[in-house]
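All remarks here apply to the structure that follows.
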Amino acid sequence: MGERTFRAVVAAEGGKGVLRLPFEPEEAWGARARHDITGTLAGHALRGKVQRDARGAFLALGPTWRRDNGVEVGDDVEVTLRLEGPLVDEMPEDLRAAFAADPVARANFEGLTTFCRKNYMRWIDDAKRPETRARRVAELIPMLLRSAEERIKAP
């Protein structure tokens, strides 16, 4: 789940700036519903979501971000990317064990936005007593499974 550093040229595609990834995110960071990333591009902070089209994986670079950071279409830039946390593999043992016992819940958790994953983690970490933490960890898995079922049922 490591960091990837590479050079790429900012391209113009469909009226927006695009940075094509020279690797498959699934091979680098594992299969998941979404790859939220953080890192740097030409020395400037970057956050975003890896997107896909027929040509492969890319990051969209909006005109405001490019203007504010002095990045132009055609620039050859150095890029460093990593998954944005919290990441299951870096969690305390109790959470890793809970996710290891239910791969569907883990996949659902990893498919959530970073904001949602952080809120779940805050809820668990804010427990003052070990019993409360253990109960919340145990409650997390069914909550993730229920929310996934609700998303499937929604029109």
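The values are calculated or read from the model by the stated rules, or taken from the named source; none is laboratory data. Quick caveat, the model's predicted, so the values are computed rather than measured. Backbone-built Cβ (ideal geometry, glycine too); neighbour counts: all protein chains shown.
Sort through Arg47, Arg67 and tell me the only one that's in the same structural domain as Val9 (by TED's automatic domain parsing), part of a strand (DSSP E or B) and among the basic types (Lys, Arg).
Going through Arg47, Arg67 in turn, the sole match is Arg47.
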Residue hits (the range 26-60; among the acidic types (Asp, Glu) and within 12 Å of the chain's Cα centre (by Cα)) are Glu26, Asp36
Reported set for the range 86-109 where residues are assigned to a loop (DSSP other than H, G, I, E, B), modelled with pLDDT of 90 or more and touching a helix residue (DSSP H, G or I) at 6+ places or on another chain (Cβ under 7 Å) is Asp102
Within the range 17-49, residues among the acidic types (Asp, Glu) and touching a residue at least 12 places away in the same chain (Cβ under 8 Å) come out as Glu24, Asp36
In the range 12-63, anything of a type in the set (Asp, Glu) and closer than 15 Å to Gly74 by Cα is listed as Glu13
Only one of (1) part of a loop (DSSP other than H, G, I, E, B); (2) in the same structural domain as Gly17 (by TED's automatic domain parsing) does not apply to Val79, and that is (1)
Filtering the range 1-36 down to residues that are more than 26 Å from Pro86 (Cα to Cα) and part of a loop (DSSP other than H, G, I, E, B) yields Val10, Gly14, Gly15
Considering the range 5-29, residues that are at pLDDT below 95 and either basic (Lys, Arg) or in contact with a helix residue (DSSP H, G or I) (Cβ under 8 Å, 6 or more places away or on another chain) (or both), and then whichever is surrounded by the fewest Cβ atoms within 10 Å (Cβ to Cβ), we arrive at Lys16
Of the listed residues (Val77, Val88), the one being under 30 Å from Gly15 (Cβ atoms) and not small (Gly, Ala, Ser) is Val77
Screening Arg55, Arg106 for residues that are loosely packed, with under 11 Cβ neighbours inside 10 Å, closer than 27 Å to Glu24 by Cα and basic (Lys, Arg) leaves only Arg55
